[in-house]
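First up is the structure itself, then whatever we jot down about it.
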Amino acid sequence: MITYDVAIIGAGTAGCFVAQTLSQQGHSVVIVEKSRGVGGRCSRRSVDPQGSVDLGAAGFRLQHPSLTEEVQHWHQSGWLAQWHHSLANFEQPLQHQGSELYCGVPSMNRWHRHLCQDATLITGQQVVQFDRQENHWQLQDKSGQTIVRAHWLIITAPARQTLALHDWPQDWQQWLEQSSQATQAQWVCAIELEQANPQLADRYTGQDPVLASAVRDSAKPGRDSSHERWVLQAQPEWTLERLDSQPDSAGEQLLQRFCATLKAKGNARVLSTHRWLLAQHPLPGLESRYLLDRKQQIGLCGDWLATDPELDGIESALLSAQALTNALLDGCKL
Ligand SMILES: Cc1cc2nc3c(=O)[nH]c(=O)nc-3n(C[C@H](O)[C@H](O)[C@H](O)COP(=O)(O)OP(=O)(O)OC[C@H]3O[C@@H](n4cnc5c(N)ncnc54)[C@H](O)[C@@H]3O)c2cc1C
């Protein structure tokens, strides 16, 4: 079995960005991901009878200058597109204004596939434990089999999943526990409207008690626009009260609220409903945006370490990954 320079747990935004940067610097990188595909909370879900929708993040704003060069590069490479669209509040649905988001094309997670193209990717394998041998880390699955070996280990799983993986030093443990406790769940559903509703804005946010946002997925760049498909995200508080509801029931309630609030025309149906248990990490992140133990050769990054009320989750994940890789490339012998 070969020993990689770096093993990354998690093929979400942070994991794939770390993989891209370190691979480009000539390091051998392996990513181990428990799901079947890449993207993490930027995943795409197939829906009947055909097609798919972004059931996680819809896109992100570019606000932090240290990401400008990378995002422009991804844009020029055709991995991201700018979505110029109309935005409104649930409270004043008729007042539309122009807005922009960067979106992966033709789906959010296709961008992640490009990001990790130079790394070895192992999907469908959950790491349940790891331990330090003389000069490398050994990652194991639930039957105790070694999945990979690497000199450095980077974990990009959400706080609660990271907490469960290891016996952490006291200060890391404390931070992981606080962040895990604050983690919020979110019900999300994809719906299809029987007829086009051009009078609606493409995206809604605001203070609705049920809906956190509604996004016209079929209007995003590179999507199939022949169907009128929306993704509805529930408020975390509303989700908490219905955490154990059946998906059909949660999806139907979100659909009813959308139609009533925005007065959508024509029949509508739910295509798919999903409960994200570890959706949002509202606690402010660390100033460093990552945790790193140079002696043990292990680091943590991800959105939860860089949460900032001014930034979107994807931008937080990218900033956290960028800060950690800068630290690794500056003075760590990979
Ligand atoms: C419904 C929803 C809507 C959102 N909307 C937006 C939006 O519009 N804009 C925005 O900017 N952000 C949005 N966000 C937030 C955004 O999706 C996240 O901030 C971002 O994707 C986090 O990236 P990450 O790499 O830190 O974590 P993740 O994407 O969670 O990646 C972690 C990965 O680690 C894997 N993993 C975990 N444990 C293990 C293990 N033991 N072994 C192997 N693999 C493991 C997971 O499967 C996952 O793929 C939204 C989130 C949700 C849930």
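Each value in this text was obtained by applying a stated rule to the coordinates, not by laboratory testing. Since we're looking at a predicted model, the values are computed, not measured. Cβ: placed from backbone, ideal geometry, glycine included. Neighbour counts: every protein chain shown.
I need the calculated FRET efficiency for the pair residue 134 and residue 173, taking r as the beta carbon distance and R₀ as 22 Å, to the nearest 0.05.
Details: r = 25 Å, r/R0 = 1.14.
Given R0 = 22 Å and the Cβ-Cβ separation, E is 0.30.
R0 = 22 Å: FRET efficiency of residue 97 with residue 195, Cβ-based, nearest 0.05?
0.35
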Open item on the list: I need the trypsin sites (Lys or Arg not before Pro) found in the stretch 44-147, filtered to DSSP loop residues with at most 12 other beta carbons within 10 Å of theirs.
Closed with: 142
- [ ] Could you pull out every residue, at least 5 positions away or on a different chain, whose amide H is within less than 5 Å of the one on residue 272? Hs are placed 1.01 Å off N in the peptide plane, and Pro or chain starts have none.
- [x] 190
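Can you give the extra length, in nm with one decimal, that the chain gains between residue 2 and residue 117 once fully stretched, where that is 0.36 nm per residue apart less the Cα-Cα distance? List each step's numbers first, then the result.
Numbers: separation 115, 0.36 × 115 = 41.40 nm, distance 1.91 nm.
Residue separation times 0.36 nm, minus the Cα-Cα distance, leaves 39.5 nm.
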TODO: Among the lysines, select those whose C-alpha is under 21 Å from the C-alpha of residue 265, and discard any that sit fewer than 8 residues away in the same chain.
DONE: 220
Task: Most fluctuating residue given options 270, 47, 29, as computed from a GNM of the chain linking Cα atoms under 10 Å - done: 47
Task: Debye intensity ratio I(q)/I(0), log10, the chain, q values 0.06, 0.08, 0.10 Å⁻¹ (C-alpha model) - done: -0.21, -0.38, -0.59
TODO: Starting from the amide H of residue 213, placed 1.01 Å from N in the peptide plane, find each other amide H under 5 Å away whose residue is 5 or more places distant or on another chain.
DONE: 233
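Based on the Cβ-Cβ distance of residue 296 and residue 145, what FRET efficiency does E = 1/(1 + (r/R0)^6) give at R0 = 22 Å, to the nearest 0.05?
Details: r = 23 Å, r/R0 = 1.05.
Efficiency, rounded to the nearest 0.05: 0.45.
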TODO: Report the normalised scattering of the stretch 184-280 as log10 I(q)/I(0) at q = 0.14, 0.18, 0.22 Å⁻¹, calculated by the Debye formula with identical scatterers on the alpha carbons.
DONE: -0.47, -0.77, -1.12
TODO: Have a look at the DSSP beta bridges in the chain and tell me what percent are antiparallel, nearest 5.
DONE: 70 percent
- [ ] Could you pull out every one of the lysines with an alpha carbon less than 22 Å from that of residue 295, ignoring same-chain neighbours closer than 8 positions?
- [x] 333
Open item on the list: Output wanted: per-residue J couplings in Hz (rounded whole) for the stretch 43-55, from phi through Karplus 6.51 cos²θ - 1.76 cosθ + 1.60, θ = phi - 60°, x for Gly and Pro.
Closed with: 7, 10, 10, 6, 10, 7, x, 7, x, 7, 9, 7, 8
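Which value, in debye to the nearest 20, describes the size of the charge dipole of the chain about its Cα centre when Lys and Arg Cβ atoms bear +1, Asp and Glu Cβ atoms bear -1, and nothing else is charged? Please report the intermediate quantities before stating the final value.
Working: 27 positive and 35 negative charges, 125 e Å.
Roughly 600 debye, rounded to the nearest 20.
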Task: Integer Hz, Karplus 6.51/-1.76/1.60 couplings in order for the stretch 222-237, x for Gly and Pro - done: x, 8, 6, 8, 6, 10, 8, 10, 10, 10, 10, 10, 7, 5, x, 5
TODO: Give the residue from 321, 88, 274 lying farthest towards the positive end of the charge dipole for the chain; charges sit on Cβ (+1 for Lys and Arg, -1 for Asp and Glu) and the dipole is referred to the Cα centre.
DONE: 274
TODO: Determine ³J(HN,Hα), in whole Hz, for all residues of the stretch 108-119 in sequence, where each value follows from phi through the Karplus function 6.51 cos²θ - 1.76 cosθ + 1.60 and θ = phi - 60°; x replaces Gly and Pro.
DONE: 4, 7, 5, 4, 5, 5, 5, 4, 9, 5, 9, 9
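Rounded to the nearest 500 deg cm²/dmol, what is the calculated helix-only ellipticity per residue at 222 nm for the chain, with -39500 (n - 2.57) per DSSP H run of length n ≥ 4?
On the way: 8 runs with 86 residues, N = 334.
Computed ellipticity for the chain at 222 nm equals -7500 deg cm²/dmol.
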Task: lysines with Cα under 24 Å of residue 142, excluding same-chain neighbours fewer than 8 positions away - done: 34
